[in-house]
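Trainee: Starting off with a structure, shown below.
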Amino acid sequence: MQSQEHWETVYATKDSHSLSWYQAHAAQSLRLIRETGVPLTAKIIDVGGGASTLVDDLLADGYTGVSVLDLSATALAVAQRRLGAQAALAHWLHGDVTQIPLAAHTYDIWHDRAVFHFLTDAETRRAYVDAVLRSVKPGGHVIVATFAEDGPLQCSGLPVVRYDPNALHAQFGAPFALVRHLREAHQTPHGAVQQFIYCYCRKLGS
């Protein structure tokens with residue numbers, strides 16, 4: 001099964017509230033986004049945002065430039081139905097982050113919780129980093145969360161790559177300065193605990 005087919009099946013057959021990565025509120029992500037100090041008009045992209053509630057809280061905060069990108073059209077539809085009329089306040093992008101043509105130097109904040117760790121081959125990871133380099137503004141903020149080195153080996157039946165903060169930052173390399181990192185013990189809807197790390201970087205340049 002191709003990855004897009006996999007995720008369409010996941011979201012078509014399961015309640016999004018029951019999925020292991022579900023959060024009623026993406027507290028760590030929200031905290032890091034708020035701490036960047038960007039204005040409410042900043043361009044923010046939530047990569048793999050799908051059915052995530054992060055967009056709800058960003059809109060509630062008053063951010064006006066929120067985009068949500070996901071490989072699954074079904075996942076995006078879940079969020080749009082949940083938001084109702086407010087869905088029109090966000091920009092919805094359907095596609096593969098390693099292939100979709102994102103406009104150059106567009107985003108002030110790139111956010112990804114739990115997409116990058118699914119990229120298990122070096123070529124795909126390079127394509128992802130190239131997308132960040134191309135689409136994030138110089139001086140922009142990059143927040144990426146993955147399973148920590150003591151996190152799960154699989155998610156949704158797929159293998160993942162686990163990281164410590166230095167290893168995750170090394171995937172992005174010299175064009176990005178690591179500002180801070182933190183851990184999160186995420187409790188799944190079924191009571192399991194998954195260890196995440198969040199790396200917050202700045203894209204260098206002026």
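The values are calculated or read from the model by the stated rules, or taken from the named source; none is laboratory data. What you see is a predicted model, and the numbers here were worked out from it, not measured in a lab. We place every Cβ from the backbone using ideal geometry, glycine too, and count neighbours over all the protein chains shown.
Trainee: Condition first: outside any helix (DSSP H, G or I), crowded, with 16+ Cβ neighbours inside 10 Å and among the aliphatic types (A, V, I, L, M). Now tell me which residues in the stretch 32-50 satisfy that.
Mentor: Filtering the stretch 32-50 down to residues outside any helix (DSSP H, G or I) leaves 36-50.
Among the residues that remain, those that are also crowded, with 16+ Cβ neighbours inside 10 Å are: 36, 38, 42-50.
Within the stretch 32-50, Val38, Ala42, Ile44, Ile45, Val47 meet the criteria.
Trainee: All but one of (1) crowded, with 17+ Cβ neighbours inside 10 Å; (2) farther than 23 Å from Asp56 by Cβ; (3) modelled with pLDDT under 95; (4) not polar (S, T, N, Q) hold for Leu153; which doesn't?
Mentor: Here Leu153 clears every test but (1).
Trainee: Could you list all residues from the stretch 118-139 that are among the aliphatic types (A, V, I, L, M) and over 29 Å from Gly37 (Cβ atoms)?
Mentor: In the first step, residues of the stretch 118-139 are kept if they are among the aliphatic types (A, V, I, L, M); the result is 119, 122, 127, 129, 131-133, 136.
If the condition is that a residue be among the aliphatic types (A, V, I, L, M) and over 29 Å from Gly37 (Cβ atoms), then Leu119, Ala122, Ala127 are the ones that fit.
Trainee: Now, a different point. Out of the residues in the stretch 6-31 that are at pLDDT 80 or above and in a helix (DSSP H, G or I), state the one that is nearest to the chain's Cα centre (by Cα).
Mentor: Within the stretch 6-31, the match that is nearest to the chain's Cα centre (by Cα) is Ser29.
Trainee: Under 8 Å by Cβ, and 6 or more places apart or on different chains, what pairs join a residue from the stretch 179-206 that is surrounded by fewer than 16 Cβ atoms within 10 Å (Cβ to Cβ) with one that is of a type in the set (Phe, Trp, Tyr) and assigned to a loop (DSSP other than H, G, I, E, B)?
Mentor: Thr188/Trp21; Thr188/Tyr22; Pro189/Tyr22
Trainee: Give the stretch 63-88 a look and list any residue that's surrounded by 16 or more Cβ atoms within 10 Å (Cβ to Cβ), part of a loop (DSSP other than H, G, I, E, B) and at pLDDT 95 or above, or say none.
Mentor: Tyr63
Trainee: Only residues that are in contact with a Gly (Cβ under 8 Å, 6 or more places away or on another chain) and either free of Cβ contacts under 8 Å to residues at least 12 places away in the same chain or under 15 Å from Arg113 (Cβ atoms) (or both): list them for the stretch 136-159, please. Steps first, answer last, please.
Mentor: To start, the set of residues in the stretch 136-159 that are in contact with a Gly (Cβ under 8 Å, 6 or more places away or on another chain) comprises 138-139.
Within the stretch 136-159, no residue meets the criteria.
Trainee: Of all residues being among the basic types (Lys, Arg) and touching a strand residue (DSSP E or B) at 6+ places or on another chain (Cβ under 9 Å) in the stretch 109-163, which is nearest to Ile44 (Cα to Cα)? Just the residue, please.
Mentor: So, considering only residues that are among the basic types (Lys, Arg) and touching a strand residue (DSSP E or B) at 6+ places or on another chain (Cβ under 9 Å), the one nearest to Ile44 (Cα to Cα) is Lys137.
Trainee: Considering only residues of the stretch 156-172 that are at pLDDT 95 or above, not aliphatic (A, V, I, L, M) and not in a strand (DSSP E or B), which is surrounded by the most Cβ atoms within 10 Å (Cβ to Cβ)?
Mentor: Top of the filtered list is Phe172.
Trainee: Could you say whether any residue in the stretch 101-108 is in a helix (DSSP H, G or I) and among the polar types (S, T, N, Q)?
Mentor: Just the residues of the stretch 101-108 that are in a helix (DSSP H, G or I), to begin with: none.
Checked the stretch 101-108: no residue is in a helix (DSSP H, G or I) and among the polar types (S, T, N, Q).
Trainee: Can I ask one more? Which ones in the stretch 51-62 are over 20 Å from Val136 (Cβ atoms) and either of a type in the set (A, V, I, L, M) or not in a helix (DSSP H, G or I) (or both)?
Mentor: Ala51, Thr53, Leu59, Ala60, Gly62, listed by residue number.
Trainee: I'm told Thr98 meets every condition in (1) in contact with a Ser or Thr (Cβ under 8 Å, 6 or more places away or on another chain); (2) more than 23 Å from Tyr163 (Cα to Cα); (3) outside any helix (DSSP H, G or I) except one. Can you identify the failing condition by its number?
Mentor: Thr98 satisfies every listed condition except (2).
Trainee: Against the conditions (1) farther than 28 Å from Arg180 by Cβ; (2) free of Cβ contacts under 8 Å to residues at least 24 places away in the same chain, where does Tyr11 fall short? Just the number, please.
Mentor: Against the list (1) farther than 28 Å from Arg180 by Cβ; (2) free of Cβ contacts under 8 Å to residues at least 24 places away in the same chain, Tyr11 comes up short only on (2).
Trainee: Restricting the search to the stretch 104-121, which residues are free of Cβ contacts under 8 Å to residues at least 60 places away in the same chain, within 16 Å of His141 (Cα to Cα) and in contact with a helix residue (DSSP H, G or I) (Cβ under 6 Å, 6 or more places away or on another chain)?
Mentor: Ala104
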